1. How charged is the neighbourhood of Val49? Take every other residue with its Cβ under 15 Å from the Cβ of Val49, and add Lys/Arg as +1 and Asp/Glu as -1.
2. In nm, to one decimal, how far is the Thr31 label point from the Leu43 one, both placed 7 Å along Cα→Cβ?
3. Over the chain, calculate the relative contact order: mean separation of alpha carbon pairs under 8 Å at least 6 apart, over the residue count, as a percent.
4. Put Val10, Val49 in order of accessible area, largest first, 1.4 Å probe: what do you get?
5. May I ask you to give the average projected area over all directions of the convex hull of the Cα atoms of the range 1-54, in nm² rounded to one decimal?
6. What residue among Lys34, Lys22, Lys45 has the largest mean-square fluctuation in a Gaussian network model of the chain, using Cα springs under 10 Å?
7. Placing +1 at every Lys and Arg Cβ and -1 at every Asp and Glu Cβ, with all other atoms neutral, what dipole size does the chain have around its Cα centre, in debye to the nearest 20?
8. Rank Ile11, Ile29 by accessible area, highest first, at a 1.4 Å probe radius?
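The values are calculated or read from the model by the stated rules, or taken from the named source; none is laboratory data. These figures come from a predicted structure and were not determined experimentally. We place every Cβ from the backbone using ideal geometry, glycine too, and count neighbours over all the protein chains shown. Heavy atoms of the whole protein, side chains included, go into the accessibility calculation; ligands, DNA and RNA do not. Shrake-Rupley method; radii C 1.70, N 1.55, O 1.52, S 1.80 Å.
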Amino acid sequence: MAKKGNRVQVILECTEHKASGKPGTSRYITTKNKKNTPDRMELKKFNPVLKKMTVHKEIK
């Protein structure tokens with residue numbers, strides 16, 4: 001059976017990667033509580049292609 005509740009899975013994608021022109025993309029999968037944070041998430045995560053910490057925003 002699936003878990004019940006407000007916790008949903010979200011995908012975070014790097015905002016700086018497209019502008020760099022390098023191939024590939026940096027994405028992370030995480031969960032959030034939709035009741036506590038109804039707006040889109042924005043976290044600083046490590047981008048292995050650019051080799052630095054960048055801002056990742058929730059997509060979809």
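1. Once positives and negatives cancel, what remains is +4.
2. Label-label distance for Thr31 and Leu43, simple model: 1.3 nm.
3. 40 percent
4. Val49, Val10
5. 4.7 nm²
6. Per the Cα network of the chain with a 10 Å cutoff, Lys22 tops the list.
7. In debye, rounded to 20, the chain gives about 220.
8. The residues order as Ile29, Ile11, largest area first.
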